[in-house]
Amino acid sequence: MAVGIFDSGLGGLTVYDAVSKRLPDVPLVYFGDNAHAPYGVRDAEDIFQKTTKSIERMWEEGCDLVILACNTASAAALRRMQESWLPENKRALGVFVPLIEAMTERNWGDNSPPREVDVKHVALFATPATVASRAFQRELAFRAIGVDVEAQACGGVVDAIEDGDLILAEALVRSHVDALRRKMPSPEAAILGCTHYPLMENIFQDALGADVQVYSQANLVAESLAHYLDRHPKMQGEGTENVFLTTGDPKRVSDRATQFLRRKIEFTAA
Ligand code: DGL
């Protein structure tokens, strides 16, 4: 048994990396549905079907707890999964809430009524499906009042990263930041609302300028998982080894993953 980390492709490796550093003794099963990435241009039904199929495969690896290290799946499928699909002994956790709790200066699991927070103008960069779901704004409204969120759907960035074309990814990030600034000239904070985007974090920060605080999810998700496992130690499982599964071409995906994490990562076919 192990904790599962799921993404449509390579982006969840940013979460995997942070979790493996924060919880080095927890065995992890990473699953990338690379054959079907990007999810961000698909409709909610399609994202639900693809996410649940991947998670069923992770159950075969003993993952009773799966982190959806994919904002698109968290936004489009998680609520439906939790309400009507997950069996009683399985859990799935998304990546939005830890980020919003950090931005709204809350402790983990603080469910008190929404209140005013320091940050008033927030830029959200995410996939088209995540932006269309408005899930981020909904979660934020449960916790904070008076925050103006401007969302920018960053078409093309995930495809470019999956293809290893980082020059195209950089050009697209800069043009999406320009587009955002035309709608919101002076954001105080920016949310990287897609787990692929931390791979381009320096470019986002450079394009936004040093005075904009950039929030990305990996470390926040790792911290909230550590807190969750403290409270639910049985969900950690036993197992000893990390496993990497992909629906894509294992050689190609391993090469990209090794390039991104700067250490040898070997995927096998899911
Ligand atoms: N990393 C996923 C996310 O966080 C990628 C989305 C996609 O496949 O388009 O949204």
What residue, of GLU116, GLU201, is of a type outside the set (A, V, I, L, M), within 22 Å of the chain's Cα centre (by Cα) and surrounded by fewer than 23 Cβ atoms within 10 Å (Cβ to Cβ)? GLU201
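Filter region 64-109 down to residues that are more than 13 Å from the ligand (Cβ to nearest atom) and of a type in the set (Ser, Thr, Tyr) and give me whichever is surrounded by the fewest Cβ atoms within 10 Å (Cβ to Cβ). Can you show your working first?
Taking region 64-109 as the starting set, the residues that turn out to be more than 13 Å from the ligand (Cβ to nearest atom) are 64-66, 79-93, 97-98, 100-109.
Among the residues that remain, those that are also of a type in the set (Ser, Thr, Tyr) are: 84, 104.
Details: SER84: 7, THR104: 21.
Result: SER84.
Given the options ASP17, ASP25, name the one that is in a helix (DSSP H, G or I) and closer than 24 Å to ARG263 by Cα. So that I can check it myself, show each step before the final result.
Values: ASP25 fails: in a helix (DSSP H, G or I).
None of the others qualify; the one that does is ASP17.
For ARG80, are the conditions met, namely being modelled with pLDDT of 95 or more and in contact with a helix residue (DSSP H, G or I) (Cβ under 8 Å, 6 or more places away or on another chain)? Lay out the reasoning, then the answer.
Details: modelled with pLDDT of 95 or more: yes; in contact with a helix residue (DSSP H, G or I) (Cβ under 8 Å, 6 or more places away or on another chain): yes.
Yes: the conditions hold for ARG80.
Applying the selection to region 97-108, what residues are under 11 Å from SER224 (Cα atoms) and touching a residue at least 24 places away in the same chain (Cβ under 8 Å)? Reasoning before the result, please.
In the first step, residues of region 97-108 are kept if they are under 11 Å from SER224 (Cα atoms); the result is 97-99, 101-102, 107-108.
Passing the criteria: VAL97, PRO98, LEU99, GLU101, ALA102, TRP108.
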Can you find a residue that is touching a helix residue (DSSP H, G or I) at 6+ places or on another chain (Cβ under 9 Å) and over 29 Å from GLY109 (Cβ atoms) anywhere in region 222-235? no
Taking region 59-83 and keeping residues touching a residue at least 60 places away in the same chain (Cβ under 8 Å), among the aliphatic types (A, V, I, L, M) and part of a helix (DSSP H, G or I) leaves ALA73, ALA75
VAL214 meets each of (1) over 21 Å from the mean Cα position of the chain (by Cα); (2) surrounded by 14 or more Cβ atoms within 10 Å (Cβ to Cβ); (3) without any contact (Cβ under 8 Å) to a residue 40 or more places away in the chain; (4) not in a helix (DSSP H, G or I) with one exception, condition (1)
Determine if region 110-119 includes at least one residue that is among the aliphatic types (A, V, I, L, M) and within 16 Å of the ligand (Cβ to nearest atom). no
In region 47-56, which residue that is free of Cβ contacts under 8 Å to residues at least 40 places away in the same chain and of a type in the set (D, E, K, R) is farthest from the ligand (Cβ to nearest atom)? GLU56
Just for helices (runs of 4 or more DSSP H) wholly inside region 133-205: which have at least 3 residues that are farther than 17 Å from SER216 by Cα? 157-162, 166-183
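Rundown of residues vs (1) at pLDDT below 95; (2) not acidic (Asp, Glu), yes/no style:
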site: ARG231; (1), (2): yes, yes
site: GLU238; (1), (2): yes, no
site: GLU241; (1), (2): yes, no
site: LEU245; (1), (2): no, yes
site: ALA257; (1), (2): no, yes
VAL158 fails exactly one of (1) within 16 Å of the ligand (Cβ to nearest atom); (2) in contact (Cβ under 8 Å) with a residue 12 or more places away in the chain; (3) over 14 Å from the mean Cα position of the chain (by Cα), namely (3)
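Condition check ((1) among the polar types (S, T, N, Q); (2) touching a residue at least 24 places away in the same chain (Cβ under 8 Å); (3) crowded, with 24+ Cβ neighbours inside 10 Å; (4) more than 12 Å from the ligand (Cβ to nearest atom)) across all residues:
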| site | (1), (2), (3), (4) |
| --- | --- |
| THR14 | yes, yes, yes, no |
| SER20 | yes, yes, no, yes |
| LEU23 | no, yes, no, yes |
| LEU28 | no, yes, no, yes |
| GLY32 | no, yes, yes, no |
| ALA35 | no, yes, no, no |
| GLY40 | no, yes, yes, no |
| GLU45 | no, no, no, yes |
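The values are calculated or read from the model by the stated rules, or taken from the named source; none is laboratory data. Keep in mind the model is a prediction, meaning the values are calculated, not measured. When we count neighbours, we look across all protein chains shown, and the Cβ atoms used for this are built from the backbone with ideal geometry, even at glycine.
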